[in-house]
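*Asks:* Have a look at the structure that comes next, please.
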Amino acid sequence: MIIIGSDHTGIELKKKIISYLNEKGIAVKDVTNFKDQSGDDYPDIAYIVCCNVKKENCLGIAICGTGIGISIACNKINGIRAAVCTDKYMAKMTRQDNDANVLCLGARLNFANVFEIVDEFLNTEFAGGRHQRRLDKITKIENSQKDGVEYGDSI
Ligand code: RB5
């Protein structure tokens, strides 16, 4: 199961990606289809996509005009590691090293081949090892915000 959502700028791209993945036999849950109209705010879309990604414990795709705003919003949500990718190398590396669970795309950008980015993101496994240590540090930073204990005190 892949979760997908977009603001108003990304509706067409979202539909293309859903068709592409469905043709490959991959189930996609569009969590923003009820809002397919102008004026959707990307922080709301980010929140809906990320809550569903956490609930289903799966990967997600979040789309806005540049991918930047929605990635900023996604990364505010505990447990989410969202990455804007504009080529397949970025998509591969953010899965392999960062265990990114949300791919952010910019519908107003010119991609050579957006499907290659999606494929690379969905088909690359997290490498673990030393990368897990680094992710644990990110989680520690995240938790320090809740605990009121500054991360720097523990370095
Ligand atoms: C909406 O106009 C636009 O600001 C949004 O889609 C996104 O690109 C923000 O980063």
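*Asks:* Does Ala100 satisfy the condition of being without any contact (Cβ under 8 Å) to a residue 24 or more places away in the chain, within 24 Å of His131 (Cα to Cα) and of a type outside the set (Phe, Trp, Tyr)?
*Replies:* Judged against the criteria, Ala100 is a match.
*Asks:* When Gly128 is evaluated against the numbered criteria (1) part of a loop (DSSP other than H, G, I, E, B); (2) open to solvent by 50 Å² or more (accessible area, probe 1.4 Å); (3) not basic (Lys, Arg), which criterion, by number, is the only one it fails?
*Replies:* It fails just one condition, (2).
*Asks:* Pull up the range 1-54, narrow it to residues that are open to solvent by 70 Å² or more (accessible area, probe 1.4 Å) and in contact (Cβ under 8 Å) with a residue 60 or more places away in the chain, then point me to the one that is farthest from the ligand (Cβ to nearest atom).
*Replies:* Step by step, filter the range 1-54, then rank; the result is Lys16.
*Asks:* Is it true that Ala83 is within 16 Å of the ligand (Cβ to nearest atom) and small (Gly, Ala, Ser)?
*Replies:* So Ala83 passes the test.
*Asks:* Against the definition (modelled with pLDDT under 95 and not small (Gly, Ala, Ser)), how does Phe111 come out, yes or no?
*Replies:* Yes; evaluated as a whole, the condition is true for this residue.
*Asks:* Show the residue pairs that are 6+ apart or on different chains and have beta-carbon atoms under 7 Å apart, the first residue being within the range 78-92 and under 9 Å from Phe121 (Cβ atoms), the second being of a type in the set (Asp, Glu) and open to solvent by 60 Å² or more (accessible area, probe 1.4 Å).
*Replies:* Once the first residue is under 9 Å from Phe121 (Cβ atoms) and sits in the range 78-92, its partners that are of a type in the set (Asp, Glu) and open to solvent by 60 Å² or more (accessible area, probe 1.4 Å) give Lys88/Glu116.
*Asks:* Which condition from (1) in contact with a Lys or Arg (Cβ under 8 Å, 6 or more places away or on another chain); (2) at pLDDT below 95 is the one that Ile138 breaks?
*Replies:* If we test Ile138 against (1) in contact with a Lys or Arg (Cβ under 8 Å, 6 or more places away or on another chain); (2) at pLDDT below 95, just (2) comes out false.
*Asks:* Within the range 55-68, work out how many residues are surrounded by fewer than 21 Cβ atoms within 10 Å (Cβ to Cβ), closer than 20 Å to Asp30 by Cβ and either under 9 Å from the mean Cα position of the chain (by Cα) or within 16 Å of the ligand (Cβ to nearest atom) (or both).
*Replies:* Qualifying residue count, the range 55-68: 2.
*Asks:* Would you point out the residue of the range 140-153, among those that are assigned to a helix (DSSP H, G or I) and open to solvent by 60 Å² or more (accessible area, probe 1.4 Å), that is farthest from Ile17 (Cα to Cα)?
*Replies:* Asp153
The values are calculated or read from the model by the stated rules, or taken from the named source; none is laboratory data. All of these numbers come straight from a predicted model, not from anything done at the bench. Methodologically, a virtual Cβ is constructed for each residue, glycine included, from the backbone with ideal geometry; neighbour enumeration extends over all protein chains shown. All accessible areas refer to the heavy atoms of the entire protein, side chains included, with ligands and DNA or RNA removed. Shrake-Rupley method; radii C 1.70, N 1.55, O 1.52, S 1.80 Å.
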